[in-house]
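For reference, the structure discussed in these notes is given below.
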Amino acid sequence: LPIVASNVDGIPEVLRDSDSIMVEPDDPVSLRKSTLKVLHLKNEDRIQMIKKGRLCAKRYKMENRVKAMVNLFNGTRSE
């Protein structure tokens with residue numbers, strides 16, 4: 001689903017390459033505006049955000065993280 005998240009800690013890194021909307025922490029006005037923006041998206045835009053989010057999430061699947069760690073220890077590179 002489309003995501004509105006706070007721009008803190010590792011969240012921007014996890015959500016990079018997605019169409020997630022980042023808001024500054026402790027900014028309820030920005031959070032409200034961004035949430036309303038997501039709720040009023042056109043269906044085609046929502047579908048595109050979901051597709052990009054799914055691709056982004058694949059980086060964090062267990063098997064992909066394990067493969068990346070093994071490659072790191074073996075001195076090879078993978079995405």
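Counting only heavy atoms of the protein chains, get the accessible area per residue of the chain (1.4 Å probe) and round it to a whole Å² value. The partial results should precede the final answer.
Details: 6330 Å² over 79 residues.
Per residue, the chain has 80 Å² of solvent-accessible surface.
Rounded to a whole number, what % of the accessible area of the chain do carbon and sulfur atoms account for, probe 1.4 Å?
Values: 3590 of 6330 Å².
Here carbon and sulfur together make up 57 percent of the probe-accessible area.
Given the DSSP H assignment, sum -39500 (n - 2.57) over each helix run of at least 4 residues in the chain and divide by its residue total; what's the result at 222 nm in deg cm²/dmol, nearest 500?
Counting only the DSSP helices, I get -17500 deg cm²/dmol.
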_Given points 7 Å out from each Cα along the Cα-Cβ axis, report the Val70 to Lys42 separation in nanometres with one decimal._
4.4 nm
*Counting only the heavy atoms of the protein chains, how much of Arg32 is accessible to a 1.4 Å probe, in Å² to the nearest 10?*
150 Å²
*For the chain, give the magnitude of the charge dipole about the Cα centre (Cβ charges: +1 Lys/Arg, -1 Asp/Glu; no others), in debye to the nearest 20.*
420 debye
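The values are calculated or read from the model by the stated rules, or taken from the named source; none is laboratory data. Values in this document were obtained by computation on a predicted structure and should not be read as measured data. Cβ coordinates were reconstructed from backbone atoms using ideal geometry, including for glycine residues, and neighbour counts include every protein chain displayed. Just the protein is used for accessible areas: all its heavy atoms, side chains included, with ligands, DNA and RNA removed. Shrake-Rupley method; radii C 1.70, N 1.55, O 1.52, S 1.80 Å.
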